[in-house]
Amino acid sequence: MAFRRRSKRIPARTPGELDAMQAAGEIVGKALQEVRAAAASGVSTLELDAVAEQTIRDAGAYPTDAGAYPTFKGYEGFPGSICASVNDVIVHGIPDQETVLAEGDLVSIDCGATLDGWVGDSAWSFAVGKLDPDVEALNKATEWVLMEGMQAMVPGNLLTDVSHALEQATRRAEEKFGVELFIVDGYGGHGIGRTMHEDPYLANEGRPGRGPLIQEGSVLAIEPMLTLGTEDSAVLEDDWTVVTLDGSFAAHWEHTVAATADGPRILTRRY
Ligand code: MG
Ligand code: MG
């Protein structure tokens with residue numbers, strides 16, 4: 001008779017809880033779309049922040065009247081409702097008046113919303129005007145890596161099966177999009193539910209077959225961060241802004257994803 005130590009599991013949410021998380025997630029999706037629509041040459045990232053906050057607060061007022069709020073605002077002292085990370089900024093850029101968008105910028109917007117006590121977290125990167133072809137390839141590749149990697153978010157897999165799928169997808173993306181890609185070291189996805197950042201931490205690369213079990217109803221925020229030149233980053237003096245060490249461009253795509261019997265379910269869809 002063989003005994004197997006019961007492995008840790010990523011908490012399972014009920015179908016009703018997943019619906020509640022999706023309601024929060026869809027508000028994030030709406031905010032991301034409004035921000036993208038407002039982004040243009042000459043617009044500051046602080047203006048984009050205002051668009052996101054207004055969208056979230058308006059969305060929460062109807063139909064539930066529960067009141068959605070921007071999860072990021074005040075989170076560990078973060079001042080914005082979005083992270084706005086332009087060009088060589090990977091993540092955690094603070095929206096400000098001085099950062100004014102220009103033609104050729106790659107803008108990464110990360111946003112969270114809390115509704116009825118559940119959190120959605122999602123990010124995307126987009127162009128202002130026309131991107132340099134390599135940067136365009138980087139951005140398309142990062143989106144593709146997210147969509148490919150999340151296919152491993154199914155019941156029965158272990159946590160690092162998703163990490164491995166993201167890494168494998170990154171290597172395939174290099175061929176598919178004809179560009180060398182670097183996976184940012186030390187940053188990754190996370191569990192999510194009633195708070196934004198929950199255990200476990202999800203690396204964007206690594207060996208498969210390790211970590212807690214993904215169950216039906218387990219939820220992870222999956223968020224590849226790729227660059228054109230380096231896996232190394234630095235945090236600026238504001239203690240937030242994460243930049244590539246070599247100044248190369250970075251892209252960031254994220255969805256909050258549930259593992260279900262029918263496959264991965266994106267809770268932060270953009271319609
Ligand atoms: Mg995020
Ligand atoms: Mg996240």
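Taking the protein heavy atoms of segment 15-266 in the context of the full set of protein chains, the accessible area attributed to carbon and sulfur is 49 percent at 1.4 Å. Over all other residues within a Cβ to Cβ distance under 12 Å of THR71, the charged ones net out to -2, with Lys and Arg as +1 and Asp and Glu as -1. In the chain, Cα pairs under 8 Å separated by at least six residues give a relative contact order of 24 percent.
The dipole here belongs to the chain: it is taken about the Cα centre, uses +1 on the Cβ of Lys and Arg and -1 on the Cβ of Asp and Glu, and is about 1460 debye. Projected onto their three principal axes, the Cα atoms of segment 15-266 cover extents of 47, 46, 30 Å, largest first. Backbone geometry of segment 203-211 corresponds, through the Karplus equation with coefficients 6.51, -1.76 and 1.60 at θ = phi - 60°, to 3J(HN,Hα) couplings of 5, 8, 7, x, 6, x, x, 10, x Hz, x marking Gly and Pro.
For the chain, adding -39500 (n - 2.57) for each run of n ≥ 4 DSSP H residues and dividing by the number of residues yields -9500 deg cm²/dmol at 222 nm. Accessible surface for segment 15-266, divided over its residues, is 40 Å² per residue with a 1.4 Å probe. Positive-end ranking of SER248, GLY93, MET153 along the dipole of segment 15-266, with charges on Cβ about the Cα centre, is headed by MET153.
The values are calculated or read from the model by the stated rules, or taken from the named source; none is laboratory data. The shown structure was predicted, so the numbers you read here are calculated from the model rather than taken from an experiment. Neighbour counts are summed over all protein chains in view; Cβ atoms, including those assigned to glycine, are modelled from backbone coordinates with ideal geometry. Heads up: the accessible areas ignore ligands, DNA and RNA and are worked out on the full protein's heavy atoms, side chains in. Shrake-Rupley method; radii C 1.70, N 1.55, O 1.52, S 1.80 Å.
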